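**Q** Have a look at this one before I ask anything.
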Amino acid sequence: MKKKLLYIFDMDGTLFNTLGDLSAAVNYALSAFGLKKLSTEKIKSYIGNGSLKLIERSLEGAQVPLDAVHKCYSEFYAQHCREHTEPYPGVIDFLKNFPAKKALVTNKPHIPGKELLKLFDIDSCFEACAFGDEETARKPSAEPFLKILQLTRTAPQDAVMVGDDAPDILGARNAGIDSVFIENGFGKRESFAPVEPTYSIPHFADLKNLKF
């Protein structure tokens, strides 16, 4: 089977377990507007389509200004995004040592995204990055994937998207790219049913042994 030349990664729930810091920021913003805090598991179920959608879902219909709550959340998260976040086992080793090109397609904003890459000294591992607030379209649109393919001069059949949620799997399909679903991330398989990922693995650490 043909070796993949380019691995494209999601961030939250794929490279990093960011749930603690995301939850803290969401609940800070909710409390600032007099709203009840949410459980970590509830917030986890709302992650995946960018920070604005995360806040919209977390408001659960509350009649407060979405943009203002999102601004409060974003400012807090930008300052506290490093407190509880850790890479999943196997991430650093794969990014630094696996012999293939790597890129990033995430709906995460660029400020906390780049901060985490620098924190764990992996910013130089990526040939190209597409952050949610720097693109005209976000996952599951094919647009950020096609941009990455162009920047890395890679054909779709030579690339694979590694992610944990519907925007990753659906976006890869829309761009004509194979996908790997990581089962222990934030997302659930039913969120992108009936579409199936090309491959599934239990944990990120299993990626290095995956045969294409």
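The values are calculated or read from the model by the stated rules, or taken from the named source; none is laboratory data. This one's a predicted model, so the numbers in the text were calculated from it and none came from an experiment. Neighbour counts run over all protein chains shown; Cβ positions are idealised from the backbone, glycine included.
**Q** Count, please, the residues in the stretch 71-85 that happen to be within 16 Å of GLY13 (Cβ to Cβ) and either without any contact (Cβ under 8 Å) to a residue 40 or more places away in the chain or surrounded by 15 or more Cβ atoms within 10 Å (Cβ to Cβ) (or both).
**A** Initial filter on the stretch 71-85 (within 16 Å of GLY13 (Cβ to Cβ)): 77, 81, 84-85.
Among the residues that remain, those that are also either without any contact (Cβ under 8 Å) to a residue 40 or more places away in the chain or surrounded by 15 or more Cβ atoms within 10 Å (Cβ to Cβ) (or both) are: 77, 81, 85.
Qualifying residue count for the region: 3.
**Q** Here's a check for you: in the stretch 93-109, which residue that is in a helix (DSSP H, G or I) and touching a Leu at 6+ places or on another chain (Cβ under 9 Å) is surrounded by the fewest Cβ atoms within 10 Å (Cβ to Cβ)? Before the answer, list the steps.
**A** Residues of the stretch 93-109 that are in a helix (DSSP H, G or I), as a first pass: 93-97.
Retained after the next criterion (residues that are touching a Leu at 6+ places or on another chain (Cβ under 9 Å)): 94-95.
Working: PHE94: 22, LEU95: 20.
It comes out as LEU95.
**Q** Same structure, new question: Is it true that PHE33 is farther than 18 Å from ASP67 by Cα and aromatic (Phe, Trp, Tyr)? Explain how you work it out, then say what you get.
**A** Values: farther than 18 Å from ASP67 by Cα: no; aromatic (Phe, Trp, Tyr): yes.
Spelling it out, it is not the case that PHE33 is farther than 18 Å from ASP67 by Cα and aromatic (Phe, Trp, Tyr).
**Q** Out of the stretch 132-145, which residues are hydrophobic (A, V, I, L, M, F, W, C) and within 12 Å of ALA103 (Cβ to Cβ)?
**A** Going residue by residue through the stretch 132-145, those that are hydrophobic (A, V, I, L, M, F, W, C) are 137, 142, 145.
Result: PHE145, single match.
**Q** Going through the stretch 197-206 one residue at a time, which ones are assigned to a loop (DSSP other than H, G, I, E, B) and either touching a helix residue (DSSP H, G or I) at 6+ places or on another chain (Cβ under 8 Å) or β-branched (Val, Ile, Thr) (or both)? Talk me through it step by step, then tell me what you get.
**A** Residues of the stretch 197-206 that are assigned to a loop (DSSP other than H, G, I, E, B), as a first pass: 197-198, 202-203.
Listed by number, the residues that qualify are PRO197, THR198.
**Q** Can you run down the residue pairs with Cβ atoms below 7 Å, 6 or more apart or on separate chains, where the first is in the stretch 28-54 and surrounded by fewer than 16 Cβ atoms within 10 Å (Cβ to Cβ) and the partner is of a type outside the set (Asp, Glu) and part of a loop (DSSP other than H, G, I, E, B)?
**A** Pairs that qualify, where the first residue is surrounded by fewer than 16 Cβ atoms within 10 Å (Cβ to Cβ) and the partner is of a type outside the set (Asp, Glu) and part of a loop (DSSP other than H, G, I, E, B), are SER31/LYS37; PHE33/VAL64.
**Q** Still on this model: Out of all the residues in the stretch 24-43, which are outside any helix (DSSP H, G or I) and either within 23 Å of the chain's Cα centre (by Cα) or under 12 Å from PHE76 (Cα atoms) (or both)?
**A** So the first thing to find is which residues in the stretch 24-43 are outside any helix (DSSP H, G or I), and the list is 33-39.
Across the stretch 24-43, the qualifying residues are LEU38, SER39.
**Q** Mind telling me which of the residues ILE8, ILE55 ends up being assigned to a helix (DSSP H, G or I), closer than 19 Å to GLY113 by Cβ and out of contact with any Lys or Arg (no Cβ under 7 Å at 6 or more places or on another chain)?
**A** Values: ILE8 fails: assigned to a helix (DSSP H, G or I).
Testing whether each residue is assigned to a helix (DSSP H, G or I), closer than 19 Å to GLY113 by Cβ and out of contact with any Lys or Arg (no Cβ under 7 Å at 6 or more places or on another chain) leaves just ILE55.
**Q** Among the numbered criteria (1) farther than 26 Å from LEU19 by Cβ; (2) part of a helix (DSSP H, G or I), which one does ILE148 miss?
**A** (1)
**Q** Still on this model: Could you identify the single residue in PHE145, PHE126 that is over 14 Å from LEU5 (Cα atoms) and of a type in the set (Phe, Trp, Tyr)?
**A** Working: PHE126 fails: over 14 Å from LEU5 (Cα atoms).
PHE145 is the lone residue from the list that is over 14 Å from LEU5 (Cα atoms) and of a type in the set (Phe, Trp, Tyr).
**Q** Kindly indicate whether any position in the stretch 110-121 is in contact (Cβ under 8 Å) with a residue 12 or more places away in the chain, in a loop (DSSP other than H, G, I, E, B) and under 12 Å from the mean Cα position of the chain (by Cα).
**A** Within the stretch 110-121, not a single residue is in contact (Cβ under 8 Å) with a residue 12 or more places away in the chain, in a loop (DSSP other than H, G, I, E, B) and under 12 Å from the mean Cα position of the chain (by Cα).
**Q** Which one of these does ASN49 not meet: (1) at pLDDT below 95; (2) in a helix (DSSP H, G or I)?
**A** The single condition ASN49 does not satisfy is (2).
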